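Written out below as structure tokens is the structure these notes cover.
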Amino acid sequence: MPRPRRYDAAVRERLLKDAAMIAATEGPLALSARRLATQSGTTTAAIYTLFGGMDSLRAALTAQALQDLGSSLEAVAKDGNPADRLLALARAYRTWALEHPNEYRSILSDALGLAVRRAPAGAPRAAAAAPTVPITAPDVFLDSVDEAWHVSLAPLSEAFEAGLADGTFSGPASDAAALAVTVWASLHGIVSLELVGVLDPTLARLGGDAGADRFFEDALGRLIAGLVVPAPSRGAHA
């Protein structure tokens, strides 16, 4: 009787690497168990043995992309004016998205949506829209997505925490999370329009002479500047 196949950590890493390559170059929809197994020189059984299924593997890829995005933001210098740091973080976010378009699209996937919408332990589940494609990944994979999402947005929150503490921005320390989401929502909207190729044509159609680069700088610059406390008031705050 033949011995059962053994799938080790090396096979797991190869599957993740090849899955990331397929998703990055051809888009998430090109990723299937059969295609991935062929690419990795293994069998579909390896995917189910090591991950439990494609949903769990997709969740692992989502977490991996979020960790990479978070590392890019974490590399932005933490010194200097919090408002300047926020603009630097916004630029780093856009740069990563434009350099990793398919990974960025996959980040806002059903795996992420289901992970972050789960209610805390013991709390009733919120009435949220069902994911487009039901995700059956075990909690351990969704937990990793949720944690990576939190870590990837942490630099924005930290910049606001510093700015609220030193009077650059007005409000209590508890406003940091809401302000971070405000900037992220605007940032994501601009980047998403740019990735689908409609930002430049829309700007041109409306008579604007600015391309996506200048528009981004102006839009995010104005948003962040609008949150800054004027210098005389800041001195009074201190």
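The values are calculated or read from the model by the stated rules, or taken from the named source; none is laboratory data. Please read these numbers as outputs of a predicted model, since none were measured by experiment. When we count neighbours, we look across all protein chains shown, and the Cβ atoms used for this are built from the backbone with ideal geometry, even at glycine. When the accessible area is computed, the model is the full protein with side chains, heavy atoms only, and any ligands, DNA or RNA have been set aside. Shrake-Rupley method; radii C 1.70, N 1.55, O 1.52, S 1.80 Å.
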**Study point:** Dipole magnitude of the chain about its Cα centre (Cβ charges: Lys, Arg +1; Asp, Glu -1), debye to nearest 20
**Key:** 840
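Carbon and sulfur atoms: what percent of the 1.4 Å accessible area of the chain do they account for? Let's see the in-between values first.
Values: 7400 of 12960 Å².
It is 57 percent, rounded to a whole number.
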Check your understanding: How large is log10 I(q)/I(0) at q = 0.18 Å⁻¹ when the Debye formula is applied to the Cα atoms of segment 145-190, each weighted equally and without solvent?
Key -> -0.53
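Could you state the accessible area per residue of the chain in Å², with a 1.4 Å probe and every protein chain left in place?
Ligands and nucleic acids excluded, the figure is 54 Å² per residue.
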Practice item. Provide the net charge surrounding Leu66, with neighbours chosen by a C-beta distance below 10 Å and charges set as Lys +1, Arg +1, Asp -1, Glu -1. Key: -4
Practice item. Could you check which residue among Ala185, Ala137, Ala59 shows the biggest mean-square fluctuation in a GNM of the chain with a 10 Å Cα cutoff? Key: Ala185
Practice item. Please provide three numbers in whole Å: the alpha-carbon extents of the chain along the principal axes, with the largest listed first. Key: 83, 48, 36
**Study point:** Simple label model, 7 Å out from Cα along Cβ direction - Glu99 to Asp8, nm
**Key:** 3.3
Practice item. For the chain, with a Gaussian network of springs between Cα atoms less than 10 Å apart, report the residue from Leu223, Leu36, Leu156 with the top mean-square fluctuation. Key: Leu223
Review point. With θ set to phi - 60° and the Karplus curve 6.51 cos²θ - 1.76 cosθ + 1.60, what are the ³J(HN,Hα) couplings of segment 203-219 in order, to the nearest whole Hz, using x for Gly and Pro?
Key: 4, 5, 5, 7, x, x, 9, 9, x, 4, 4, 5, 4, 4, 4, 5, 5
